[in-house]
Every structure is written in structure tokens, then in C-alpha cells.
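Step one of this worksheet: look at the structure below.
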Amino acid sequence: MSITALATCRIDPGALRRRLAALPTTPGIYIYRNEAAEILYVGKAVNLRNRVRSYFHRDGQAVKVRQMVAQIADWEVIVTGTELEALVLECTLIKKHRPKYNVRLRDDKQYPYIKVSLNEEWPRVYITRRIAKDGARYFGPFTDSRSVWRTLDLLNKLFPYRTCHIAITGTDARPCLQFHIHRCLGPCIGAVSRDDYQAVMAQVVLFLDGKHEEVIADLTMKMTVAAESLQFERAAFVRDQIRSVEKVTARQRIVEAAMKDQDVVAFARSNGDACVEVFFIRGGKLIGREDFLLEGTKDEDVRQIMTSFVTQFYDSAAYIPPEIVLQSAVDEARIVESWLRQKRGGQKVTLTVPRRGKTRRLVDLVAANAAEVLAQMRARWLADERKTAGALIDLAEHLDLEEPPRRIECYDISNVQGSSSVGSMVVFENGQPANREYRRFQIKTVEGANDFASIQEIVRRRFSRAQAVGLVGSAAEANERKGWTNRPDLVIIDGGRGQLNAALAALQELNMERIPIVSLAKQSEEIFTPTESRPIILPRESQALYLVQRIRDEAHRFALTYHRKLRARRGTRSALDDVPGIGPKRRAALLRRFGSVRAIREATIEDLVATPGMDSRVAASIKERLQASATLA
């Protein structure tokens with residue numbers, strides 16, 4: 001590789017070329033560092049020389065890779081004996097160092113687990129943050145501590161195990177309240193034998209494993225034995241346990257007729273955020289679901305995101321099922337399966353990517369749940385006034401505004417090959433969407449797909465109308481008014497430099513160029529301003545970037561919704577609205593009676609006349625016009 005072919009980095013080109021040539025061709029991992037010796041990225045490779053060299057080619061690199069390479073001041077490699085060893089070491093180092101440019105689980109060290117301390121003489125069930133090889137059973141990880149506490153409360157209602165930390169001697173004078181409310185069997189006073197207590201803990205493990213049928217079968221047998229022994233109070237207690245377990249089981253959805261154990265993994269992402277959803281299916285039933293947020297997913301392909309999640313999640317998962325169903329394939333699936341098989345104690349683990357059928361529909365359902373989690377996360381973020389206030393201050397600093405923008409307006413265009421072009425204006429006040437201030441525009445003066453002219457038209461129309469109703473006085477005075485007279489503190493245009501210049505020209509026509517205006521280009525999230533030749537790149541983790549992305553996405557959603565509405569309206573009007581004598585009432589009556597234009601076309605004149613508000617003359621016109629349009633089609 002010639003020096004001129006090398007991408008820009010912090011290493012001298014000559015030294016870089018020599019170091020690349022000296023790299024081994026064996027499996028291993030590579031670690032990139034910046035000038036401050038901070039780890040930028042950890043990766044694995046089957047062939048270290050080829051993999052590391054690929055980062056330093058100028059052509060074909062993603063924006064994220066180019067940004068990382070520009071910061072590389074040094075690297076080190078660690079040779080491993082096999083590709084599997086490289087995978088394990090890469091996963092360990094990513095979790096330890098959390099490099100900026102790696103895809104990584106957010107706050108993965110904080111995920112709670114449920115621990116059943118089978119290694120104790122009198123086991124307990126409690127929450128822990130660590131997994132140890134101590135003979136206990138662990139379940140998780142979970143992402144919501146509150147749901148874990150609810151699970152523990154349910155478990156203790158179903159199975160009366162001890163929750164205390166005292167040493168059990170069996171000679172205490174009296175039990176605690178838990179015993180009297182049937183939440184503990186009372187080992188402290190010797191009210192239960194160790195074998196009977198261990199049997200209850202075995203039921204807890206079966207329940208957490210999702211093997212509810214086995215739990216019910218075991219409890220049914222105990223109820224029968226108690227009844228036959230005339231221990232009716234004991235039999236009634238076990239009967240209530242059975243009913244409670246059955247009630248929990250009834251709420252669980254059967255998703256797999258083959259009654260298999262499997263995890264289903266899918267994700268959704270938006271604006272650099274990614275959420276992975278995992279459905280835990282045991283014995284064909286959905287027993288639980290968890291969602292995990294990922295960092296560093298900007299510009300990463302779906303395979304890399306899925307690979308990173310699978311390796312990091314199952315590295316610390318308490319249980320690995322025999323089948324893991326994935327939304328997309330992972331890199332080096334054979335090696336990942338070998339690694340999972342080792343972690344499962346040598347038992348086979350299969351990674352599958354369904355393309356069709358029930359399993360694919362299940363994967364799509366999991367992905368839809370992940371998208372919903374992302375949407376809820378953004379809604380919670382917007383509802384946090386402290387975060388939005390901080391984002392506005394941050395945005396004002398980056399854009400050199402005199403003060404944080406109280407009112408932000410964002411404009412977007414939507415069309416399909418130039419047809420049904422529409423524009424949207426969304427308004428955020430104090431970082432929150434002001435839905436009543438939203439406006440939408442049908443493009444009137446532009447033919448075809450011309451985003452520049454369309455943006456110019458809607459900006460001109462918006463501020464011309466503001467001017468017509470008297471946009472005078474200070475911004476504070478104007479903001480006291482309603483409708484078009486509200487003056488924005490910042491205008492955001494969805495697009496690049498061209499869209500910005502078009503909108504700015506419209507403002508200049510109206511002598512309003514002093515209104516702060518920028519554009520946001522989606523591909524690289526670059527912010528263009530009228531005065532700066534180079535775009536502004538907001539920090540990837542900044543609250544300001546998150547806010548402008550949310551505003552831009554809202555403008556896009558609002559424009560797209562209106563565009564679809566217009567297309568649907570124009571698609572259904574068809575030949576009916578071209579018939580003389582057919583107005584909205586007659587059209588609605590016909591569609592209500594016949595259901596579709598096709599059914600109207602096939603109806604007889606007598607049937608049409610029977611429709612309320614119709615006469616024979618209009619019915620004949622309908623038949624003639626619809627049959628003519630069908631012939632032309």
C-alpha cells in the first residue's frame with residue numbers, strides 16, 4: 001500500500017507503513033489509542049495484518065471510521081491461539097474499557113440478577129449485581145429493578161421461603177410476621193424440615209425456569225397426599241398455590257407450538273440510539289422480556305450491532321437456551337456458536353435467522369417492541385424539563401445564539417417523485433412540542449420534485465402571513481400573541497446547504513434575515529449556518545444533538561403523515577368526484593352503501609337509484625363515467 005493511499009491519522013505515514021507490514025497474519029485483537037493513550041476501539045481479527053490495514057484506506061470508509069482513524073496515535077495487538085480466544089478477549093476488553101467507538105451495552109455492570117442461594121443450607125432468593133461460581137442459581141440479567149422486585153414479591157406469595165438473614169438454628173422462641181402471613185415456612189422455629197424447605201426452593205427454580213407445568217404437577221401431587229392424610233388445611237394452602245401459579249401461567253402467551261426453549265433477539269434504532277429487545281421463551285411460552293440500550297451504534301451496520309449485543313449479553317447471561325433466534329445474522333456465526341456452546345457447558349447452541357413464517361413474524365413483533373421502547377425513552381427525555389433546558393443552553397452555545405431559543409420552528413418537505421408535495425412546520429417551545437402551533441402546506445407553485453423551491457415557498461408563505469398580521473416589536477412581545485405572529489428564536493430546515501440557502505433567500509425577500517436559521521443534514525447530522533463555511537458537528541452524546549434530531553424527526557413525521565393523507569384522498573376520489581352531480585354527501589352515501597368504487601361500477605342503475613339522495617339521471621352518469629374510466633385503465 002502506497003503512502004498516498006493511507007488515510008489521515010496521527011502516525012507518520014512512513015512509520016505507519018512499516019508497522020502495518022510488520023503485523024502478524026494470525027488471529028488476535030487490536031487496540032487503537034489516541035494521543036492521550038485512551039482506548040478508542042477494540043476489535044478482533046482472523047488475520048490481524050489484513051484487518052488493521054483495512055482501516056487506513058481512504059476510500060469507502062464510513063464517517064464514524066474516518067473520525068476514529070483521524071485520532072489514532074498508536075495501537076497494540078494481542079495474538080491469540082484461535083479465533084474463539086480472540087472473541088472472548090475482545091468481549092472482555094470492551095466491557096472493561098468501554099471504548100468510545102465500540103458498540104457497547106449501556107451501564108451493563110449495573111444489571112440486576114435474581115439469585116437463589118442453593119449453596120446455603122436454608123436458601124434465600126434475592127437481588128444481586130454479580131454472578132459468582134458458588135453453586136447458586138442465577139436468573140437474568142434484567143434491566144428494570146422495579147420489575148425484579150415485583151417478581152420477588154410474587155415468588156414469595158407463591159412459595160413461602162425465608163427472606164431474613166439470621167442464622168437458622170430451629171430453636172428460636174417465636175417466628176416473625178412472615179410466618180403468620182404464610183410468607184415463610186418457619187425454619188427458624190423448626191416448623192419445617194430441611195428436605196421440605198429444599199423442595200420449595202426447587203419449585204422456585206422451576207418457576208423461574210418457566211417450567212410451570214412441572215410446578216403445578218408437583219403441587220397437585222402434594223395437595224392430593226395432604227388431602228388423603230386428612231391434612232385439609234395444608235391441602236387448601238397448596239390448592240391456593242396451584243391457583244396462583246395457574247393465574248400467572250394463563251397470562252403468558254404461547255408463541256411456539258414446538259414447546260422449545262429459545263431467546264428471540266431484535267432491535268430498533270433511531271438517530272444513533274439503538275434498543276435491543278429479548279423475548280425469553282421457555283417451553284414454548286413467553287415468560288419474560290427485557291430491553292437493552294446500546295451506545296456507539298452510529299453508522300454501524302446491522303450485523304455489527306447484532307454481533308456486539310450477542311457477545312456482550314450472553315457473556316454475562318445466567319442462562320443460554322439451545323436456540324437463539326436473531327433478527328439478522330452475526331459475524332463469524334460459527335465461532336460465536338462455539339463460544340456459546342462452551343458457556344452452556346458443552347451443549348449445542350444454534351443461532352437462526354428466520355426469513356419467513358411464524359418465527360419471522362415473532363422476530364418482527366420483538367423489533368416492534370424495541371421501537372416502542374425507543375419512542376417511550378425519547379418521550380421521557382422530552383418530559384424532563386431539566387434535560388431539555390440543558391439542551392437549549394447547549395444548543396445556544398454551539399450556534400452562538402444570544403440566549404437559549406424559547407421557540408424553535410422546523411420545516412420539512414415530503415413528496416414521492418414530485419407528486420403530492422407538502423410541507424410541514426412543527427414548533428417546539430421550551431424544548432417541548434407545541435402541537436397547536438403546527439402548520440402544514442400544500443406546495444402550490446413548484447412543479448416536480450424540487451426541495452429547494454418547495455422549502456422556499458413554505459418559508460415565504462409562513463413569514464409573509466406573519467408580516468401581514470403584523471410581526472412587529474420585540475420577540476417577547478410577539479410571543480405573547482397567537483398563530484402566525486409568534487416569532488421563532490431559531491428556524492431549522494431539514495436538509496443541507498442548498499435547502500438552507502433557499503430558505504434564507506425567502507427571509508431576505510421579506511427583510512427577516514435576522515431571524516436565526518440553520519439546516520440539519522441527516523446523513524452526518526451536520527448543522528449548516530449562513531455565516532460559517534464549515535458545518536457544525538455537535539458532540540454525538542450531547543443533549544443539544546438529541547433535541548434537534550427529535551425536532552427534525554417530528555417535522556418529518558408531520559409532513560409524511562399529511563402527504564399520505566393527501567395521497568389516500570386523491571386515490572379514493574378517482575372517477576367518482578369527476579361525475580357531474582356527485583358531491584360529498586352523495587359520494588359518502590354511495591361508498592357507505594357499496595363499500596368501494598369497484599362495487600359501485602358493478603351495481604345496476606336500479607341499485608344506484610335506491611341509494612339515498614340519488615336519482616336516475618345521476619345514476620346513469622355514474623355508470624357511464626365509471627365504465628369509461630375502467631375501459632381506459
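The values are calculated or read from the model by the stated rules, or taken from the named source; none is laboratory data. A quick note: this is a predicted structure, and the numbers were derived from the prediction, not measured. Cβ coordinates were reconstructed from backbone atoms using ideal geometry, including for glycine residues, and neighbour counts include every protein chain displayed.
Residues of the range 195-220 being under 20 Å from TYR138 (Cβ atoms), modelled with pLDDT of 85 or more and small (Gly, Ala, Ser), which ones?
ALA202
Can you tell me how many residues within the range 152-188 are surrounded by fewer than 17 Cβ atoms within 10 Å (Cβ to Cβ) and either part of a helix (DSSP H, G or I) or among the acidic types (Asp, Glu) (or both)?
7
Is it true that ARG53 is at positive phi and either under 31 Å from the mean Cα position of the chain (by Cα) or not assigned by TED's automatic domain parsing to the domain that holds ALA333 (or both)?
no
Which residue pairs have Cβ atoms under 8 Å apart, sit 6 or more places apart or on different chains, and have a first residue in the range 432-450 that is surrounded by 14 or more Cβ atoms within 10 Å (Cβ to Cβ) and a second that is in a loop (DSSP other than H, G, I, E, B) and modelled with pLDDT under 85?
If the second residue must be in a loop (DSSP other than H, G, I, E, B) and modelled with pLDDT under 85, the pairs left are GLU437/ASN486; ALA449/GLN417; ALA449/GLY418; ASN450/GLY418.
For the range 102-147, enumerate the residues that are crowded, with 20+ Cβ neighbours inside 10 Å, touching a strand residue (DSSP E or B) at 6+ places or on another chain (Cβ under 8 Å) and more than 19 Å from TYR314 (Cβ to Cβ).
Those that are crowded, with 20+ Cβ neighbours inside 10 Å, touching a strand residue (DSSP E or B) at 6+ places or on another chain (Cβ under 8 Å) and more than 19 Å from TYR314 (Cβ to Cβ): VAL116, PRO123, VAL125.
Can you tell me which condition MET221 does not meet? The list is (1) within 16 Å of VAL116 (Cα to Cα); (2) of a type outside the set (Phe, Trp, Tyr); (3) part of a helix (DSSP H, G or I), and all the others hold.
Against the list (1) within 16 Å of VAL116 (Cα to Cα); (2) of a type outside the set (Phe, Trp, Tyr); (3) part of a helix (DSSP H, G or I), MET221 comes up short only on (1).
If I ask for residues that are surrounded by fewer than 18 Cβ atoms within 10 Å (Cβ to Cβ) and either at pLDDT 85 or above or in a loop (DSSP other than H, G, I, E, B) (or both), which ones from the range 50-64 would you list?
Those that are surrounded by fewer than 18 Cβ atoms within 10 Å (Cβ to Cβ) and either at pLDDT 85 or above or in a loop (DSSP other than H, G, I, E, B) (or both): ASN50, ARG53, SER54, ARG58, ASP59, GLY60, GLN61, ALA62.
For the range 450-470, give me each residue that is assigned to a helix (DSSP H, G or I) and polar (S, T, N, Q).
As a first pass, look at the range 450-470 and keep what is assigned to a helix (DSSP H, G or I): 451-468.
If the condition is that a residue be assigned to a helix (DSSP H, G or I) and polar (S, T, N, Q), then SER454, GLN456, SER464, GLN467 are the ones that fit.
Hey, any hits in the range 352-369 for a residue that's farther than 22 Å from GLU90 by Cα, crowded, with 17+ Cβ neighbours inside 10 Å and small (Gly, Ala, Ser)?
yes
For residues that are among the basic types (Lys, Arg) and over 33 Å from the mean Cα position of the chain (by Cα), tally how many sit in the range 134-173. Give the steps one after another, and end with the answer.
As a first pass, look at the range 134-173 and keep what is among the basic types (Lys, Arg): 137, 146, 150, 157, 162.
Narrowing further to those that are over 33 Å from the mean Cα position of the chain (by Cα): 157, 162.
Summing the residues that are among the basic types (Lys, Arg) and over 33 Å from the mean Cα position of the chain (by Cα) in the range 134-173 gives 2.
Being basic (Lys, Arg) and either closer than 17 Å to LYS348 by Cα or buried (at least 20 other Cβ atoms within 10 Å of the Cβ) (or both) narrows it down to one residue among ARG282, ARG289; which is it?
Working: ARG289 fails: either closer than 17 Å to LYS348 by Cα or buried (at least 20 other Cβ atoms within 10 Å of the Cβ) (or both).
Unique residue meeting the criteria: ARG282.
Taking the options ARG150, ARG194, ARG183, name whichever one is among the basic types (Lys, Arg) and in contact (Cβ under 8 Å) with a residue 40 or more places away in the chain.
Numbers: ARG150 fails: in contact (Cβ under 8 Å) with a residue 40 or more places away in the chain; ARG183 fails: in contact (Cβ under 8 Å) with a residue 40 or more places away in the chain.
Answer to the check: ARG194.
Among the residues that make up the range 21-35, is at least one of them within 19 Å of SER308 (Cα to Cα), touching a helix residue (DSSP H, G or I) at 6+ places or on another chain (Cβ under 7 Å) and in a helix (DSSP H, G or I)?
Scanning the range 21-35, I find no residue that is within 19 Å of SER308 (Cα to Cα), touching a helix residue (DSSP H, G or I) at 6+ places or on another chain (Cβ under 7 Å) and in a helix (DSSP H, G or I), so the answer is no.
Given the condition modelled with pLDDT under 90, among the basic types (Lys, Arg) and part of a helix (DSSP H, G or I), answer yes or no: does some residue in the range 342-349 qualify?
Yes, the range 342-349 contains at least one residue that is modelled with pLDDT under 90, among the basic types (Lys, Arg) and part of a helix (DSSP H, G or I).
Quick check on the range 507-543: of everything there that is in a loop (DSSP other than H, G, I, E, B), more than 35 Å from the chain's Cα centre (by Cα) and among the charged types (D, E, K, R), which residue is surrounded by the fewest Cβ atoms within 10 Å (Cβ to Cβ)?
Only one residue tops the list, namely ARG514.
Does SER244 count as surrounded by fewer than 16 Cβ atoms within 10 Å (Cβ to Cβ), modelled with pLDDT of 75 or more and hydroxyl-bearing (Ser, Thr, Tyr)? Before the answer, list the steps.
Working: surrounded by fewer than 16 Cβ atoms within 10 Å (Cβ to Cβ): yes; modelled with pLDDT of 75 or more: no; hydroxyl-bearing (Ser, Thr, Tyr): yes.
For SER244, the condition - surrounded by fewer than 16 Cβ atoms within 10 Å (Cβ to Cβ), modelled with pLDDT of 75 or more and hydroxyl-bearing (Ser, Thr, Tyr) - is not met.
Name every residue in the range 280-339 that is in contact with a strand residue (DSSP E or B) (Cβ under 6 Å, 6 or more places away or on another chain) and charged (D, E, K, R), in order of residue number.
Matches in the range 280-339: LYS285, ARG289, GLU290, ASP291, GLU295, GLU323, GLU337.
With the requirement that a residue be small (Gly, Ala, Ser), under 26 Å from LYS64 (Cα atoms) and surrounded by fewer than 21 Cβ atoms within 10 Å (Cβ to Cβ), what does the range 300-328 give you? Even if it seems obvious, please write down each step before you answer.
Going through the range 300-328, the residues small (Gly, Ala, Ser) turn out to be 308, 316-318, 328.
Going one step further and asking which of them are under 26 Å from LYS64 (Cα atoms), we end up with 308, 328.
If the condition is that a residue be small (Gly, Ala, Ser), under 26 Å from LYS64 (Cα atoms) and surrounded by fewer than 21 Cβ atoms within 10 Å (Cβ to Cβ), then SER328 is the only one that fits.
Any residue in the range 330-343 that is surrounded by fewer than 18 Cβ atoms within 10 Å (Cβ to Cβ) and among the aliphatic types (A, V, I, L, M)?
yes
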